[in-house]
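Colleague: My structure is below; once you've seen it, I'll send some questions.
Please treat every number below as a calculation from the coordinates, not as lab data. What you see is a predicted model; the values in this text were computed from it and never measured. Using ideal geometry, Cβ is built from the backbone for each residue, glycine included, and neighbour counts are taken over all protein chains shown.
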Amino acid sequence: MKLLIVGSKGFIGSHCFNYFEKKHEVWGCDIMLDYTSSNYSIIGSPESDFNELFKANHFDICINCSGAANVKYSFTNPIDDYKLNALNVMYILEAIRVNSPDCKFINLSSAAVYGNPELIPIKPNTAKSPISPYGYHKSIAELICEEYNKLWQIPTCSLRIFSTYGPGLQKQLFWDLYQKTKQGHVELWGTGNETRDFIYITDLVNTINLTINNCSFEGDIINIANGEQITIAQVAKIFANIVGLSSDKITFKGQERTGDPLNWEADISTIKSWGYKAEIDIHQGIKNYILWAQREQK
């Protein structure tokens, strides 16, 4: 197969590129320069024209890993966030419609579309109720995928990704924990009782591969997680134990951060039916992350 990964220099995109290039012909595109790869295109602003790329190449699969995964940024820059997370999806799909309508499109969406669901585990048919501009824009991107599938039969699907972590992620909870544990004291938002459904980056990439091989691409919505919730306090304690910091050095502000959900646990029946099983649990995943972060800081 010939794959295009949009946002190939980002956290998820770079891991996808490294995984799929071992088995397939893979092309990347992003806003950064790349002097080493011939299978690479630079894209400009969020309002990029993808037509030339799809005119020159016939891709079997396009994986959209582009966008801005930053809830705080989406509140201060909602227009930019909309362009990055919704409008860009339409530009890609329009280029596919015009030039390569049989190309399968995988849109990386987010559990942020759910907001604070009343019931968990969260099923894909749970009503969407985003609580941030980021969540709304990811929801709009899903509708665009549905639009192009229903009206023009472009094969699409959206993966609602829960809390992904691993080497290369220099933001969010784990990066924050690493930086603060080095200072000898960790203070985090919330109460610590908030829960997330974490999935390690290599397990996430495996679910994308399973999607390529099993999905009907009829505008499908698929949860991507491990189907297990763990409190932020538990995660922080695991992190502290590994780096040798006493758990009593971890405190919480008791104040929720705007746009952050309270409890997440996904129903992952679909990917389980495809044979998904996590290879990296939270303890090993955090160990791997800390080792990577330590190498990065040298």
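Colleague: Just to be sure I understand: if I project the alpha-carbon convex hull of region 77-215 onto a plane and average over all orientations, what area do I get in nm²?
Modeller: 10.4 nm²
Colleague: Okay, moving on. Over region 1-149, consider all pairs of different Cα atoms and compute the Kirkwood hydrodynamic radius from their mean reciprocal separation; express it in Å, one decimal.
Modeller: Averaging 1/r across every pair of different Cα atoms and inverting gives 15.9 Å.
Colleague: Pull up all non-local amide H partners of SER41: gap of 5 or more, or a different chain, and H-to-H distance under 5 Å with H placed in the peptide plane.
Modeller: Those qualifying (amide H under 5 Å, at least 5 residues apart or on another chain) are GLY28, CYS29, ASP30.
Colleague: Could you sort out which of LYS104/LYS272; LYS22/LYS287; LYS180/LYS277; LYS2/LYS171; LYS9/LYS171; LYS138/LYS287 sit more than 24 Å apart by Cα distance in this structure?
Modeller: LYS22/LYS287; LYS180/LYS277; LYS2/LYS171; LYS138/LYS287
Colleague: Please state, rounded to one decimal and in Å, the Kirkwood hydrodynamic radius that region 135-203 gives when every pair of distinct Cα atoms enters the mean of 1/r.
Modeller: Roughly 15.2 Å, rounded to one decimal.
Colleague: Only four residue types carry charge here, +1 at the Cβ of Lys and Arg and -1 at the Cβ of Asp and Glu. Report the dipole size of the chain about the Cα centre in Debye, rounded to the nearest 20.
Modeller: 680 debye
Colleague: Could I ask something else about it? Have a look at region 87-165 and give its Rg and Dmax from the Cα atoms, expressed in angstrom.
Modeller: Computed over the Cα atoms of region 87-165, radius of gyration and Dmax are 13.4, 42 Å.
Colleague: Sticking with this structure for a sec: Report relative contact order for the chain in percent, whole number only (criteria: Cα-Cα under 8 Å, sequence separation at least 6).
Modeller: Reported as a whole number, the value is 18 percent.
Colleague: A further question on this structure: Kirkwood hydrodynamic radius, the chain, all distinct C-alpha pairs: what's the number in Å?
Modeller: 19.7 Å
Colleague: I want the local charge near THR126. Using Cβ-Cβ distances under 14 Å, sum +1 for each Lys or Arg and -1 for each Asp or Glu among the other residues.
Modeller: Once positives and negatives cancel, what remains is -2.
Colleague: While we're looking at this one, here's another question. Helix 232-243: angle to the longest alpha-carbon principal axis of the chain, degrees 0 to 90, nearest 10?
Modeller: Roughly 80 degrees between the two axes.
Colleague: If one takes the longest principal axis of the Cα atoms in the chain, at what angle in degrees, from 0 to 90 and to the nearest 10, does the Cα axis of helix 11-20 lie?
Modeller: Its long axis makes an angle of about 60 degrees.
Colleague: Let me ask another. Points 7 angstrom from Cα along the Cβ direction at LYS237 and ILE31: gap in nanometres?
Modeller: Output for this residue pair reads 4.0 nm.
Colleague: Something else now. Under 18 Å from a label point 7 Å along Cα→Cβ of GLN294: give me every residue in region 145-186 with its amide N that close.
Modeller: Inside the label zone: 166-169, 174-185.
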